Structure formats: C-alpha cells, structure tokens
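Undergrad: Here it is, the structure in full.
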Amino acid sequence: MKQLLIALVIASAIGATDVVWAQDFEKATKAYDSGDYATARKSFKVLAEQGNARAQYSLGLMSYEGRGAGQDYTEAAKWYRKA
C-alpha cells in the first residue's frame, strides 16, 4: 500500500510539471508570435534548461533565425541537439 501511495504521489508530481510546462510554453509562444522575442527567448530558456524538448527546439530556431539575440548557428545546433 505504501508503494502505491508513493507511486501516485510521483505520478501526480510529474503530471503537475507537464501542466506547468504547457502553460509556460504557451506564454512563450504567445510572446514569440507577438514579436516579443526577448521575452520568448527568456521563457523558452527556462523551460529548455529544465529539459523541455519543445522549448529546446524553439531556442534552436530562434538562434538560427536571430530572433531575440544575434544569429548564432553554433547556439542553434546546441539546442537542436538537446531537443
């Protein structure tokens, strides 16, 4: 019974993280879509450093395109590889 309770707590924590990531990713995407690339880059970076592959890819794309900072193919490749 104790193992089941621990498993449920872990599953809930993982699920809660996914919801927070989804909300934060949506905010970053809205910033990007509105042309606020500095905010989008900061938001994506926080998620990317936590291991969010979609945010890592988005940072790679922003670095490749030069949005929110100068164009940097090395930085783009780094984030693409992590994603």
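Values in this text are rule-based calculations from the coordinates and carry no lab data. A quick note: this is a predicted structure, and the numbers were derived from the prediction, not measured. Here the Cβ is made from the backbone with ideal geometry for all residues, glycine too, and neighbour counts use every protein chain on show.
Undergrad: Measure off 7 Å from each Cα along the Cα-to-Cβ vector at Ala83 and Tyr64, then give the distance between these two points in nanometres to one decimal.
TA: Here the modelled spin labels are 0.7 nm apart.
Undergrad: Once you order the gyration tensor axes a ≥ b ≥ c over the Cα atoms, which shape class does segment 42-83 get: rounded for a/c under 1.5, otherwise prolate or oblate by comparing a/b with b/c? Display every interim value, and only then the final one.
TA: On the way: a/c = 2.36, a/b = 1.42, b/c = 1.67.
Taking the square roots of the gyration eigenvalues as a ≥ b ≥ c, segment 42-83 is oblate.
Undergrad: Now a separate question. When the chain is fully extended, how far beyond the present Cα-Cα distance does Glu75 get from Lys27, taking 0.36 nm per residue of separation?
TA: On the way: separation 48, 0.36 × 48 = 17.28 nm, distance 2.26 nm.
15.0 nm is the gain from fully extending Glu75 to Lys27.
Undergrad: Enumerate the calculated ³J(HN,Hα) couplings along segment 61-66 in order (Karplus 6.51 cos²θ - 1.76 cosθ + 1.60, θ = phi - 60°), each rounded to whole Hz, writing x wherever the residue is Gly or Pro.
TA: Ordered by residue, 3J(HN,Hα) equals 5, 5, 5, 5, 7, x Hz.
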